Amino acid sequence: MQTTIGTVGRAFQLAPEAESIDAIRKQLKEEGHFQVDAHLSGTQIKKDLRKAMQSN
């Protein structure tokens, strides 16, 4: 059985190696995720992604 990870889940996978949220957005779009900007536009998700980026 194949599971597909969603846009937000993949964003958190990318975060530890990412330089910025914009870099995460770009990578997600290149991977074919839809509505990336909508998924990553909220204040809380940006805060959580920044925290995940600092954990590397």
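The values are calculated or read from the model by the stated rules, or taken from the named source; none is laboratory data. Because the structure is a prediction, the values reported are computed rather than measured. All Cβ positions, glycine included, derive from the backbone under ideal geometry; neighbour counts span all protein chains shown. Areas reflect the complete protein model, heavy atoms only, side chains present, ligands, DNA and RNA absent. Shrake-Rupley method; radii C 1.70, N 1.55, O 1.52, S 1.80 Å.
If you roll a 1.4 Å probe over the chain with all protein chains in place, what percent of the accessible area is carbon or sulfur?
48
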Original post:
How much space per residue, in cubic angstrom, does the convex hull of the C-alpha atoms of the chain take up?
Top reply: 82
**OP:** Count neighbours as other Cβ atoms within 10 Å of each site's Cβ, and list the GluC sites (Glu not before Pro) in the range 1-32 that are DSSP loop with at most 14 such neighbours.
**Re:** Glu19, Glu31
Subject >> Signed unit charges on C-beta, dipole axis of the chain, positive-most listed residue Ala11, Gln54, Gly32 >> reply: Gln54
Original post:
Taking the Cα centre of the chain as origin and charging only Cβ (+1 Lys, Arg; -1 Asp, Glu), how large is the dipole, in debye to the nearest 20?
Top reply: 180
Original post:
How much area per residue is accessible in the chain when the probe is 1.4 Å and only protein heavy atoms are counted (Å²)?
Top reply: 74
Original post:
Which distance in nm do the two modelled labels at Glu19 and Gln54 give, with both placed 7 Å along the Cα-to-Cβ direction?
Top reply: 2.1
